[in-house]
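The values are calculated or read from the model by the stated rules, or taken from the named source; none is laboratory data. Bear in mind that the values here come from a model prediction, so they are computed numbers and not experimental data.
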Amino acid sequence: AVRVGRYNRVGKAVTVQLHLDVAALGNASGAVTFTLPLVASSASSYFGTAGAIHAQNWATAVEGLNVLVDSGTNRASLYYNAGKTTGAAAVTHAIMGTGNIVLTIHYFTD
């Protein structure tokens, strides 16, 4: 229903602000991914910080949301803390259901 975003680049540092409101899933499946405005550093993949995440009305309660920024691409995926035995797991459309994500992602370019 809502897809709003903006970014700011200072040197190699990029900050992305995003609001995503999913009103209906339709036939969506798989992991929740984002297209970033600029290609991330070609260093190995890293977890970017994701401050100010607000998840509302999700189908499944999750904790510890974070973003994995894929190196050398403009793609990032949303992950959550799946517990001590399974570690981090991708947030899927089924977990998110219909709800909101408001987040800020910080990452670096080459």
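Taking the range 1-20, which residues are over 14 Å from His106 (Cα atoms) and modelled with pLDDT of 80 or more? Give the steps one after another, and end with the answer.
Kept after step one, since they are over 14 Å from His106 (Cα atoms), are these residues of the range 1-20: 1-4, 19-20.
Arg3, Val4, His19, Leu20, listed by residue number.
With a requirement of 2 or more residues that are modelled with pLDDT of 70 or more and within 12 Å of the chain's Cα centre (by Cα), the strands (runs of 3 or more DSSP E) lying completely within the range 46-110 that satisfy it span 63-69, 75-81, 100-108.
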